[in-house]
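As structure tokens, the structure follows; a few thoughts come after it.
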Amino acid sequence: MRLTVAQALVRFLANQWAERDGVEQRLIAGVFGIFGHGNVAGVGQALAEQGAGTGDALPYYLARNEQAMVHTAVGYARTRDRLSTFACTTSIGPGATNLVTGAALATINRLPVLLLPGDVFATRVAGPVLQELEDPGSYDVTVNDTLRPVSRFFDRIDRPEQLPSALLAAMRVLTDPAETGAVTLALPQDVQAEAYDWPEELFARRVWHVARPVPEPAALARALELIRGSRRPLIVAGGGVAYSRACAELLRFAENHGVPVAETQAGKGALPYDHPCAVGAVGHTGTAAANALAREADLVIGIGTRYSDFTTASRTLFGRARFLNVNVTAFDAAKNSGAMLVADAREALLALDRTDWRADPEWTRQAAALAAGWQAEISRTYAGTELTQPVVLGILNEIAEDGVVVNAAGSMPGDLHRLWRTRDPKGYHVEYGYSCMGYEIAGGLGVKLADPEREVFVLVGDGSYLMMAQEIATAVQEGVKLVIVLVDNHGFASIGDLSESVGALRLGTAYRMRGPEGELDGDRLPVDLAANAASLGADVLRAGDPEALRAALAKAVASAHTTVVYVETVPGGGPGAQAWWDVPIAEVSELARTRAAREHYDEAKRDQRPYL
Ligand SMILES: Cc1ncc(C[n+]2csc(CCOP(=O)(O)OP(=O)(O)O)c2C)c(N)n1
Ligand SMILES: [Mg+2]
């Protein structure tokens with residue numbers, strides 16, 4: 001079949017399917033793209049020719065920023081348990097390098113996205129082309145090489161003959177739960193338009209079976225021995241529990257054996273919040289309940305977690321526990337010198353359940369009491385009458401009970417992790433692998449595309465909003481309804497507090513005019529973010545007190561249009577960190593506050609362990 005490389009690529013992608021548990025879905029749900037000279041005549045032409053948006057063709061979506069396209073693909077893939085994602089096509093140069101942040105975010109979170117940056121001419125006859133960065137040391141280097149370290153698979157298609165094997169490798173990595181992340185096929189602009197005679201088999205319907213690896217018998221025996229020897233076990237549930245759809249098996253295991261379950265950001269909702277075994281968030285942004293248990297546990301059973309420093313409180317949290325790590329990725333299973341159970345979370349839980357061992361009943365009782373205590377703390381926090389951030393979250397939590405909350409960076413992830421009540425992991429979507437400002441609206445768009453039935457509530461701080469609000473226009477264009485709650489505290493509350501605690505004097509963390517002394521401490525900026533949101537096509541509601549916020553949210557839910565609820569918050573209101581986080585502080589300083597902060601730091605650091 002004679003087609004261009006780009007036409008062959010599009011035709012191939014339209015025929016890829018993923019299957020798990022007997023259910024098939026399209027692996028590539030569509031293509032997000034921004035065109036320039038590096039892709040318009042290649043991939044752009046191919047998408048136009050296949051009649052995008054009709055029948056079997058790949059739907060095409062126009063976004064406003066290449067980084068945002070990747071966020072949308074990530075939001076979609078996470079909601080679809082990594083079984084379906086989007087491709088992202090870009091021009092060369094800046095369009096391509098705008099992908100780098102999104103690619104890193106996808107790879108860190110172990111979520112599949114297919115990136116198709118344009119690249120400079122393979123033949124080089126017309127070079128240097130517009131936007132080509134020339135490396136005097138090698139004509140082989142292009143700006144797309146910046147995508148190599150953040151991609152789990154990277155290839156450049158310099159000749160048509162290379163395309164089939166590259167495509168097959170790309171699909172394999174996207175659908176391998178242990179390998180998945182950003183997959184990049186760099187497409188030189190001349191090669192995209194080049195014709196070639198392709199074998200028909202390349203375009204046959206192809207189903208990629210997503211594996212559920214079962215535990216190796218010897219590793220399972222070792223795991224069971226560790227479990228049987230434990231009296232005070234604690235499960236740390238990560239994103240892998242959600243992606244494996246192992247929540248029911250986790251709940252049964254926890255109940256059968258009396259094991260408390262703590263949750264990472266990606267694992268939050270693994271158990272319904274009010275289950276007696278659910279002790280909530282763990283780590284630096286954790287609950288007092290989960291962290292107290294973590295300090296006393298003799299065995300930590302990590303399931304589908306990569307043990308970020310937020311989870312381990314920078315390796316200060318888990319007293320002298322041993323680790324047993326269930327993970328589909330050996331790399332993560334090996335962390336903290338844990339006993340490795342390399343397997344799918346659901347399969348592993350089913351296998352581990354076959355024992356009549358139970359945790360010390362006193363430990364199970366203590367966990368339930370601590371968890372109930374924390375639920376009371378949440379109720380107290382939510383009941384505040386001033387519009388602090390936790391009160392805003394409380395009002396939203398009531399209304400968003402069956403919806404999805406989306407967030408990524410700033411002070412909200414911590415408050416959400418500690419406070420938010422959710423009954424399932426799909427109700428809580430906080431991107432905290434990369435914690436990328438600007439993920440919120442673009443990611444929320446992907447969540448809604450993946451699950452149109454569910455109300456999607458995007459929580460975005462003013463800082464994040466100013467970094468990447470433009471995808472409101474994309475949501476409006478697509479008729480995709482989001483409820484966006486824009487929380488304005490006039491700057492970086494999170495980094496402001498952090499700055500103060502590390503002796504950096506809140507420099508550059510408040511949005512202020514340059515004042516008479518030359519510092520950024522003047523008046524508030526004459527910036528109206530609500531008006532900005534309205535200008536992008538959203539309906540906008542402003543809420544100045546708790547009652548107005550309730551009413552605005554109810555109106556936003558009832559509406560069919562993307563609605564931004566703008567709310568200004570006052571500082572304070574919630575329980576703070578219940579565990580440490582390692583942010584090194586200046587070892588020498590003229591400032592007394594910095595020296596005092598360093599003293600605290602040196603003291604806290606003594607609790608850090610290597611977990612060997
Ligand atoms: C792209 C990016 N740049 C910088 C940071 C570091 N950072 C984390 S939170 C934050 C401030 C976020 O401000 P805002 O969205 O207003 O949330 P707030 O802290 O006020 O709750 C910054 C600069 C980041 N996470 N992502
Ligand atoms: Mg802010």
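Label-to-label distance, Arg358 versus Ala534, with points set 7 angstrom from Cα along the beta-carbon direction: 6.2 nm.
Taking only the C-alpha atoms of the chain, the Rg (one decimal) and the largest Cα-Cα distance, Dmax (whole number), read 25.0, 76 Å.
Kindly provide the trypsin sites (Lys or Arg not before Pro) of segment 175-243 that DSSP labels as loop, not H, G, I, E or B, and whose Cβ sees at most 14 other Cβ atoms within 10 Å.
Numbers: sites: Arg205, Arg206, Arg222, Arg228, Arg231; in loops: Arg205, Arg231.
Qualifying residues, ordered by number: Arg205, Arg231.
Approximating the spin labels as points 7 Å out from Cα along Cα→Cβ, the Ala551-to-Glu201 distance works out to 6.8 nm.
Only helices enter the 222 nm calculation for the chain: every DSSP H run of n ≥ 4 contributes -39,500 (n - 2.57), and dividing by all residues gives -10500 deg cm²/dmol, rounded to 500.
How large is the translational diffusion coefficient of segment 63-221 in µm² per second when you combine the Kirkwood radius over alpha carbon pairs with Stokes-Einstein at 20 °C and 1.002 mPa s?
Working: Rh = 16.7 Å.
The estimated diffusion coefficient comes to 128 µm²/s.
So if each residue of separation counts as 0.36 nm, and I subtract the Cα-Cα distance between Asp140 and Gln162, what length gain in nm does that give? Mind dumping the intermediate values first?
Working: separation 22, 0.36 × 22 = 7.92 nm, distance 1.67 nm.
Contour length minus the Cα-Cα distance gives 6.2 nm.
Note on segment 1-46 and segment 406-420: Cα centroid distance 35 Å, given to the nearest whole angstrom. Rg of the Cα atoms in segment 270-369, relative to 2.2 N^0.38 Å, amounts to 1.07. For Gly38, the shell of other residues with beta-carbons less than 14 Å away shows a net charge of -3, using +1 for Lys and Arg and -1 for Asp and Glu.
For Lys426, the lysines whose Cα falls under 21 Å of its own Cα, not counting residues fewer than eight places away in the same chain, are Lys268, Lys448, Lys481. Applying a DSSP loop filter and a limit of 13 other Cβ atoms within 10 Å to the trypsin sites (Lys or Arg not before Pro) in segment 520-612 leaves Arg606.
Could you give the length gained by full extension between Ala510 and Ala126, i.e. 0.36 nm per residue of separation minus their alpha carbon distance, to one decimal place? Intermediate results must be reported in sequence, preceding the final value.
Working: separation 384, 0.36 × 384 = 138.24 nm, distance 4.82 nm.
Full-extension gain reported as 133.4 nm.
Separation of segment 421-468 from segment 180-207 is 32 Å, based on Cα centroids.
How big is the gap, in Å, between the Cα center of segment 326-364 and the Cα center of segment 516-582? For segment 326-364 versus segment 516-582, the Cα centre distance is 42 Å.
With the contact rule set at Cα under 8 Å and sequence spacing of 6 or more, what percent relative contact order holds for segment 125-255? Over segment 125-255, the number comes to 18 percent.
The length gained on full extension between Phe331 and Asp424, counted as 0.36 nm times the residue separation minus their Cα-Cα distance, comes to 30.8 nm. Along the Cα-to-C-beta direction of Ala586, a point sits 7 Å from the Cα; which residues of segment 479-506 have their amide N less than 12 Å from that point? Of the residues in segment 479-506, 502-506 have backbone N under 12 Å from the label point off Ala586.
Any read-out appearing in this document is the output of simple, stated calculations on the displayed coordinates, not a laboratory observation. Everything numeric here is computed off the predicted structure, so don't read it as measured data. All Cβ positions, glycine included, derive from the backbone under ideal geometry; neighbour counts span all protein chains shown.
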